[in-house]
Amino acid sequence: MTLRHMIIFRTVCEMEFNSTKAAEELQMTQPAVSLAIKELEQYYGIRLFDRIGRRLRITDAGKHFLQYAIHISDLFRDMETGLRNWGTRGILRVGASITIGSQFLPGYVKAFSGVCPGIDIRAVVEQAGRLEKKLLANELDCALTEGIAHSPDIVSEAYMEDHLSVICSAQKMWRQGQVISVDEFRKQRFLLREQGSGTREIFDRAMEQAGISITPIWEAMSTTALVNAVINGLGIAVLPYRMILPALKRGLIVTVDVQGLSFRRNFYIIHHKDKFLTEAAKSFMELCRNYETDHSLPEDKGLLE
């Protein structure tokens, strides 16, 4: 069994289990592809595919083998790329959840470019769940999220502490720093981030622990939309403190505390447990760990524009 066998098997799966298309992709003959699959099955003594009619259907054993084939072939590709491009301009693929991507990632990238100008950073800003999928598919080297990863194949390391704030319109009955009861809190009209976001996950976890059920009247991917809705008295929101600072300083909103509830959280650096981390990736992760100490934290001055 060789790396070539793994690549052939993976290609058959990626070509929708069509060995003819896989042969074309690999510039091989179809019988050679079929022979490689047969050799794999004989080597391990298992069925990787069921042959139903003229179609291949992957077995449970095949699905398990595919996970290994993907990671091993990707690791080999990373090695080839890294060695062949040694000393030349490299690429670092970084992901960030929406809050981190809009507030912190630009500063991280700017600072890193000053330290490692030869590295080209390719950034993706998406929901944390989508970033996890990209890490598992080896489409990213590392990512920065507002919550711990769910997959056991992903390593999560807390690198910075943050908290969410309950914000209300300054034009309503609320006072800055006011403390309200849980019962009063649960009666409000809630404007929340969308399901799947790290901010929403922290909120939902706190509500679950407190035994509170909340049905939001608004859900949005945009923090700006939620802050502006609060300013206009449409309800209250629970958002990252650093994201609401501009509106807070302008006196457009106030923050309140809720008895017995805490919305503290950590930001995480995440990567696949089997990912070979290049020196560039390690340097970027180290910069993120130390950024709060070495640099002033950003404020989104254009939040309400």
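The values are calculated or read from the model by the stated rules, or taken from the named source; none is laboratory data. Model, not experiment: these values are computed from the prediction. Methodologically, a virtual Cβ is constructed for each residue, glycine included, from the backbone with ideal geometry; neighbour enumeration extends over all protein chains shown. With ligands, DNA and RNA removed, areas are computed over all heavy atoms of the protein, side chains included. Shrake-Rupley method; radii C 1.70, N 1.55, O 1.52, S 1.80 Å.
Numerical summary
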read-out: Estimated FRET transfer efficiency (residue 175, residue 148; beta-carbon r; R0 30 Å; 0.05); value: 0.30
read-out: Furthest towards positive pole of dipole, 266, 277, 256, structure part the range 246-291, Cβ charges; value: 256
read-out: Rg(Cα)/(2.2 N^0.38 Å) for the range 1-139, N = residue count; value: 1.36
read-out: The chain - charge dipole about Cα centre, Lys and Arg +1 at Cβ, Asp and Glu -1, debye rounded to 20; value: 440
read-out: Computed label-point distance, nm, for sites residue 63 and residue 289 using a 7 Å Cα→Cβ extension; value: 3.7
read-out: Extension reserve of the residue 50-residue 214 stretch, reckoned as 0.36 nm per residue once the Cα distance is removed; value: 54.3 nm
read-out: Linear extension gain, residue 195 paired with residue 122, 0.36 nm per residue minus alpha-carbon span; value: 23.7 nm
read-out: Computed label-point distance, nm, for sites residue 139 and residue 39 using a 7 Å Cα→Cβ extension; value: 3.2
read-out: Probe 1.4 Å - accessible area at residue 156, Å² to nearest ten; value: 40
read-out: Segments 213-219, 94-100 sorted - mean Cβ within 10 Å per residue, highest first; value: 94-100, 213-219
read-out: Loop-located trypsin sites (Lys or Arg not before Pro) in the range 113-218, at most 15 other Cβ atoms within 10 Å (DSSP); value: 172, 175, 187, 189
read-out: Computed E for residue 1/residue 158 - FRET, C-beta separation, R0 51 angstrom, nearest 0.05; value: 0.80
read-out: Kirkwood Rh and Cα Rg combined as Rg/Rh, the chain; value: 1.10
read-out: Gained length - residue 264 relative to residue 77, 0.36 nm times residue gap less alpha-carbon distance; value: 63.3 nm
read-out: GluC sites (Glu not before Pro) within the range 1-84, DSSP loop, no more than 11 other Cβ atoms inside 10 Å; value: 16
read-out: Volume in Å³ per residue [convex hull over Cα atoms, computed for the range 141-235]; value: 130
